[in-house]
Amino acid sequence: MDPQGKGAAPSLLFVCLGNICRSPAAEGVMRSVVDNAGITDYVQIDSAGTGDWHIGHLADPRMRKAASARGYDLVHKARQIQVQDFERFSLIITMDQSNYKNVSKLAPSESAVLRIKSFTSYCTRHKISEVPDPYYGSAKDFDHVLDILEDGCQGILQDILNPLNKQIGPK
Ligand code: 4NP
């Protein structure tokens, strides 16, 4: 493990609000992306929420259905992010600006804040600044989130495969 991000195996924590829609789906998509790249054992992947309402729950059934239709099996059970996650993960990747703000408040140091990245900064096809919260939306909104997640997870893979792509400082 290389919590400071100095070059060893990357460990990724995806974070949203409830940890039942966006971040468990990001975790599932990223697992598939690293499996397909043949680097499963090299990358640690997990997800968490800033809130505590859904601790222990599987991903929302609407997200599981949309993910399953694309071949992703979401098995994560929701948990809340803890300050110890900054020791366990080299990158903490947030879905929206509110998540970013809340995770930043939890960061134990300024250097830890630099390891919090916005998910959409890895997107190349979607020119957006947040992954929209689909919780009060329709099936179409859940599908749209998956489009965004597939885009950004490819960008994350490129950063892992080519360290020269990595940017210094907040993304
Ligand atoms: P997520 O979506 O942050 O993508 O998991 C939400 C899940 C639950 C709630 C809000 C957003 N909620 O208000 O309970």
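The values are calculated or read from the model by the stated rules, or taken from the named source; none is laboratory data. Please read all numbers here as calculations on a predicted model, not as lab measurements. No Cβ is skipped: glycine too gets one built from the backbone with ideal geometry, and neighbour counts run over all protein chains shown. Surface areas here come from the heavy atoms of the whole protein model, side chains and all, with no ligands, DNA or RNA. Shrake-Rupley method; radii C 1.70, N 1.55, O 1.52, S 1.80 Å.
Yes/no matrix, rows are residues, columns are (1) within 16 Å of the ligand (Cβ to nearest atom); (2) open to solvent by 20 Å² or more (accessible area, probe 1.4 Å); (3) aromatic (Phe, Trp, Tyr):
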{"position": "Ile20", "(1), (2), (3)": "yes, no, no"}
{"position": "Val43", "(1), (2), (3)": "no, no, no"}
{"position": "Asp73", "(1), (2), (3)": "no, yes, no"}
{"position": "Ala78", "(1), (2), (3)": "yes, no, no"}
For this session: Could you please find all residues in the stretch 80-96 being surrounded by 14 or more Cβ atoms within 10 Å (Cβ to Cβ) and either within 12 Å of the ligand (Cβ to nearest atom) or not hydroxyl-bearing (Ser, Thr, Tyr) (or both)?
Result: Gln80, Ile81, Asp85, Phe86, Arg88, Phe89, Leu91, Ile92, Ile93, Thr94, Met95, Asp96
Exercise. Among Val103, Val131, which is closer than 27 Å to Ile39 by Cβ, assigned to a helix (DSSP H, G or I), in contact (Cβ under 8 Å) with a residue 60 or more places away in the chain and within 16 Å of the ligand (Cβ to nearest atom)?
Worked result: Val103
Exercise. Quick check, is Leu161 touching a residue at least 12 places away in the same chain (Cβ under 8 Å) and open to solvent by 80 Å² or more (accessible area, probe 1.4 Å)?
Worked result: yes
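Could you list all residues from the stretch 45-60 that are within 12 Å of the ligand (Cβ to nearest atom) and either open to solvent by less than 10 Å² (accessible area, probe 1.4 Å) or without any contact (Cβ under 8 Å) to a residue 60 or more places away in the chain (or both)? So that I can check it myself, show each step before the final result.
Step one: of the stretch 45-60, the residues within 12 Å of the ligand (Cβ to nearest atom) are 47-55, 57-60.
Once the filter is applied, which keeps residues that are within 12 Å of the ligand (Cβ to nearest atom) and either open to solvent by less than 10 Å² (accessible area, probe 1.4 Å) or without any contact (Cβ under 8 Å) to a residue 60 or more places away in the chain (or both), the stretch 45-60 yields Ser47, Ala48, Gly49, Thr50, Gly51, Asp52, Trp53, His54, Ile55, His57, Leu58, Ala59.
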Seminar exercise, completed: Inside the stretch 133-146, the number of residues satisfying the requirement of being open to solvent by 60 Å² or more (accessible area, probe 1.4 Å) and either under 14 Å from the mean Cα position of the chain (by Cα) or modelled with pLDDT under 95 (or both) is 1
Exercise. What do you reckon, is Arg31 more than 15 Å from the ligand (Cβ to nearest atom), buried (at least 16 other Cβ atoms within 10 Å of the Cβ) and basic (Lys, Arg)?
Worked result: yes
For this session: Determine whether the stretch 97-120 contains at least one residue that is open to solvent by 10 Å² or more (accessible area, probe 1.4 Å), more than 29 Å from Asn162 (Cα to Cα) and more than 16 Å from the chain's Cα centre (by Cα).
Result: yes
